[in-house]
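Undergrad: Before I ask anything, here is the structure I am working with.
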Amino acid sequence: MRKVWIGLLVAILFAGNVSLARAVTLTAPQYVFNKATVREGTLLFMDHCSACHSIHSLRYERLETDLGMPKAQIIKSIMLSSNANFLEGMRPTMTQADAKAWFGIAAPDLSHIVRAEGQRWVYTYLTSFYWDPKRPSGWNNRVVPAVAMPDVLAPWEGIYSKNGQVLHRGRLTPAAYHRKVADIVAFLRYTSDPSYFKRHNLGPYVLGSLIILSLLAYLLKRNYWRDVHK
Amino acid sequence: MSKFSDWFNKRFPAREFIRASMTQYYAPKNFNILYYAGSLLLLMIVLQLLSGFLLMAHYVATSQDAFNSVQGIMYDTKWGWLIRYMHVDGVSLIFILLYAHMLRGILYGSFREPRELLWIIGYLIYIMMMGEAFLGYVLPFGNLSYWAGQVITSILHAIPFIGPQLTMLARGGPGIGTATLQRFLALHVVLWFLIIAALIVMHLVALHQVGSNNPDGIEIKEHKRPDGIPLDGIPFHPYYTVKDFFGVGVWLTIFAAIILYAPTMHGIFLEKNTFFRANPMVSLPDVTPPWYLAPYYAMLRAIPNKYWGIGLMGLAIVLPFSLPWLDRNPVRSSRYRPWYRTMIIIMGITFLVLVWVGEQPPLPKYFLIERLGAAIYIGFYVLLPIVSSIEPTRAVPERVTR
Ligand code: HEM
């Protein structure tokens, strides 16, 4: 029997180690995933991204119930769209028609982007823009070649050429800029699975009770089985 | 007994049933950890029914709204995330249990005479569960749902003569759309599920007719006390009810830990492409099935010709039915058959490698692995009758070991 288990274990380890090589190596964002980080990311997202992108699945009220943001703040600095409603999903400030006219396509909804692409992908995408005079917008991206989105964070990041040369210095140091992007990714991670904080709060209680139940069940079983193992 | 219970039992054989199938039903006393899987499967099926029922209260089966209704469950329904994660993660856990349950049957020769029918009914349940999983998979109408529906229904196309009509019937039209979702929903929650439930009942009836096998693969009924009770048997209740209750506790702990801390299991239990809305214009470069179906998909791809590939896959799926007749050795359990045990280990590893390779994109570099895997898988069944009739065996004990 033991040999079977060892064999299967080896097979799993072997299978896990062979991974696919990708065109661009994706790096993981560095942040502490808690409500404060996500609140920070929410404000950054509102400032830089919500002009074009919606978070259709998440209602504004969740920022109050999940993250503890004051309702007044949500109304003042988050519900920027003229037809935003506290009880409805988060809207972009720009209309779809304007977006189409300016960028060729409407910006996609970002509710599930982290679940769909992974946070490494989103983070690397946001830090991989470079200046490309051949593109109509002037921007290109290593993760999404011929990207339609402009580098909205360029004033903070600075402008880079394709081979990584600084063409224009940004307002933030690279380290500070990467923290900022990481916070935005943290916000998008929250929107793609807002049950996160609730699940993690419940975790210790649920698992604790189940472990106690299992222990009691084990003692009961051992008691009953005493005469079988004589 | 109270008056009421006498009154009741005169009209309904509850007491008799409990005696015959619990308190005076004798099971071998040497079950090991793999024997928990059966009762846990029963538990999981009930939990799927419960979570599925709650999901259905919010799900909308139209191509327009299916995706949104599922996201509505995740974001807006009270405890909706719990219901959906239970249902989604439950599927993967059921398949883990099914594979453990079947591995157990193969390791200890539980499919052998007189349990052939028990094995066949069980394997029918497994095949039905694959179908049930596929039907459910299409319902949330993410992009993977759409393309999986497209690919799997097109397999029907390969059936001679009636293929195109069958595909049309399965889809409810030329393409995957609202009609497909509605008939898949009806199948998933009514017909298919009822057949599975009925098969589970038959499985248990057959089990109680022949009695459980055990890790030693010997018959406990051959050594009885004068009053007819097997010497190595213990009453199912209370011994195995308390033991299985402990198993339930541990299993629910694992289940809860997954739901609370890793509900997508890094994209294995809930895949990335299910978070995009269905889009007929954006075909996925690598539509791969969920992990529990991946081995068959890998074998499908092992042959570049569509018809032969489907043929190989079909063969791989039906071969386990023949196990009771392929194994010729008088000894059941692999504990006393080193060669057979080695074959099972190789087969187990091959199956896991096929799971892995079936999840990879269709690249030529995986071809060799897919073919080798398919060859070993089929080879197991080809070699079994030969090996089992010539292999040396170890001394089998008279009575069960601990
Ligand atoms: C939802 C699906 C299933 C349920 C609920 C189920 C349930 C059970 C239960 C409660 C037992 C007795 C406890 C145990 O031995 O673990 C059992 C035994 C058995 N099952 Fe299943 N089963 C299922 C699927 C299968 C499948 C897919 C197979 C094989 C292909 C199978 C083959 C067997 C065999 C051979 C036994 C007797 C094992 C022995 O005595 O050593 N079952 N099943």
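The values are calculated or read from the model by the stated rules, or taken from the named source; none is laboratory data. In this text, all values refer to a predicted model and were calculated from it rather than measured experimentally. Note that we place each Cβ from the backbone using ideal geometry, even for glycine, and neighbour counts take in every protein chain shown. Heads up: the accessible areas ignore ligands, DNA and RNA and are worked out on the full protein's heavy atoms, side chains in. Shrake-Rupley method; radii C 1.70, N 1.55, O 1.52, S 1.80 Å.
Undergrad: Tally the residues that are open to solvent by less than 20 Å² (accessible area, probe 1.4 Å) and part of a helix (DSSP H, G or I), restricting the search to the stretch B:318-347.
TA: Final tally of qualifying residues: 6.
Undergrad: I've got another one for you. Among B:SER110, B:SER69, which is at pLDDT 95 or above, more than 22 Å from the chain's Cα centre (by Cα), open to solvent by 10 Å² or more (accessible area, probe 1.4 Å) and small (Gly, Ala, Ser)?
TA: That would be B:SER69, the only listed residue that is at pLDDT 95 or above, more than 22 Å from the chain's Cα centre (by Cα), open to solvent by 10 Å² or more (accessible area, probe 1.4 Å) and small (Gly, Ala, Ser).
Undergrad: Can you work out which of the residues in the stretch A:116-138 that are open to solvent by 30 Å² or more (accessible area, probe 1.4 Å) and within 14 Å of chain B (Cβ to nearest Cβ) is nearest to A:PRO150 (Cα to Cα)?
TA: Ranking the qualifying residues of the stretch A:116-138, first place goes to A:TRP121.
Undergrad: If you don't mind, there's one more thing I want to ask. Looking at the stretch B:301-317, which of the residues that are within 30 Å of B:GLY109 (Cβ to Cβ) and either charged (D, E, K, R) or over 18 Å from the mean Cα position of the chain (by Cα) (or both) is surrounded by the fewest Cβ atoms within 10 Å (Cβ to Cβ)?
TA: Residue satisfying both the conditions and the ranking: B:GLY311.
Let's see how each residue does on (1) open to solvent by 40 Å² or more (accessible area, probe 1.4 Å); (2) basic (Lys, Arg); (3) part of a helix (DSSP H, G or I):
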position	(1), (2), (3)
A:PHE45	no, no, yes
A:LEU67	no, no, no
A:SER82	yes, no, no
A:PHE86	no, no, no
A:PRO92	no, no, no
A:ASP98	yes, no, yes
A:TRP102	yes, no, yes
A:ALA106	no, no, no
A:VAL114	no, no, yes
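Undergrad: Output the qualifying pairs, or none if there are none: Cβ atoms under 6 angstrom, residues six or more apart or on different chains, first residue in the stretch B:345-356 and at the interface with chain A (Cβ under 7 Å from one of its Cβ atoms), second residue assigned to a helix (DSSP H, G or I).
TA: Listed by first residue and then by second, the contacts come to B:ILE345/A:VAL4; B:ILE345/A:GLY7; B:GLY348/A:LEU8; B:ILE349/A:GLY7; B:ILE349/A:ALA11; B:LEU352/A:ALA11; B:VAL353/B:GLY373; B:TRP356/A:ALA15.
Undergrad: Among the residues of the stretch A:197-212, are any under 29 Å from the mean Cα position of the chain (by Cα), of a type in the set (Ser, Thr, Tyr) and in a helix (DSSP H, G or I)?
TA: For the stretch A:197-212, residues under 29 Å from the mean Cα position of the chain (by Cα), of a type in the set (Ser, Thr, Tyr) and in a helix (DSSP H, G or I): present.
Undergrad: Continuing with the same structure: Hey, can you tell me all the residues within the stretch B:29-47 that are out of contact with any Phe, Trp or Tyr (no Cβ under 9 Å at 6 or more places or on another chain), more than 9 Å from the ligand (Cβ to nearest atom) and assigned to a helix (DSSP H, G or I)?
TA: Within the stretch B:29-47, B:ILE33, B:VAL46 meet the criteria.
Undergrad: How many residues does the stretch A:139-154 contain that are part of a loop (DSSP other than H, G, I, E, B), in contact with a His (Cβ under 9 Å, 6 or more places away or on another chain) and open to solvent by less than 30 Å² (accessible area, probe 1.4 Å)?
TA: 1
Undergrad: For residues in the stretch B:251-281 being at pLDDT below 95 and part of a helix (DSSP H, G or I), which is nearest to the other protein chains (Cβ to nearest Cβ)?
TA: It comes out as B:PHE275.
Undergrad: Kindly indicate whether any position in the stretch B:269-287 is open to solvent by less than 30 Å² (accessible area, probe 1.4 Å) and more than 17 Å from A:ARG115 (Cβ to Cβ).
TA: Yes, the stretch B:269-287 contains at least one residue that is open to solvent by less than 30 Å² (accessible area, probe 1.4 Å) and more than 17 Å from A:ARG115 (Cβ to Cβ).
Undergrad: Give the residue, chosen from B:TYR59, B:TYR85, B:TYR26, that is in contact (Cβ under 8 Å) with a residue 12 or more places away in the chain and within 13 Å of the ligand (Cβ to nearest atom).
TA: Being in contact (Cβ under 8 Å) with a residue 12 or more places away in the chain and within 13 Å of the ligand (Cβ to nearest atom) holds for just one of B:TYR59, B:TYR85, B:TYR26, which is B:TYR26.
Undergrad: May I ask you to list the residues in the stretch B:1-37 that are buried (at least 18 other Cβ atoms within 10 Å of the Cβ) and more than 22 Å from A:HIS229 (Cβ to Cβ)?
TA: The answer is B:ALA37, and nothing else.
Undergrad: Kindly check whether there is at least one residue in the stretch A:131-138 that is at pLDDT 90 or above, in a strand (DSSP E or B) and more than 29 Å from B:LYS272 (Cα to Cα).
TA: Looking for residues that are at pLDDT 90 or above, in a strand (DSSP E or B) and more than 29 Å from B:LYS272 (Cα to Cα), one finds at least one in the stretch A:131-138, hence yes.
Undergrad: Moving on to the next point. Taking B:THR393 as the residue in question, decide whether it is in contact (Cβ under 8 Å) with a residue 60 or more places away in the chain, farther than 21 Å from B:GLY122 by Cβ and of a type in the set (S, T, N, Q).
TA: Yes, satisfied.
For (1) more than 16 Å from the ligand (Cβ to nearest atom); (2) among the polar types (S, T, N, Q); (3) in the same structural domain as B:PHE53 (by TED's automatic domain parsing), each residue gets a yes or a no:
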{"site": "B:GLY163", "(1), (2), (3)": "yes, no, yes"}
{"site": "B:MET168", "(1), (2), (3)": "yes, no, yes"}
{"site": "B:LEU185", "(1), (2), (3)": "yes, no, yes"}
{"site": "B:TRP192", "(1), (2), (3)": "no, no, yes"}
{"site": "B:SER212", "(1), (2), (3)": "no, yes, yes"}
{"site": "B:GLY217", "(1), (2), (3)": "no, no, yes"}
{"site": "B:ILE259", "(1), (2), (3)": "yes, no, yes"}
{"site": "B:ALA262", "(1), (2), (3)": "yes, no, yes"}
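Undergrad: Taking the condition of being free of Cβ contacts under 8 Å to residues at least 40 places away in the same chain, closer than 15 Å to A:THR191 by Cβ and part of a helix (DSSP H, G or I), how many residues in the stretch A:47-65 meet it?
TA: 4
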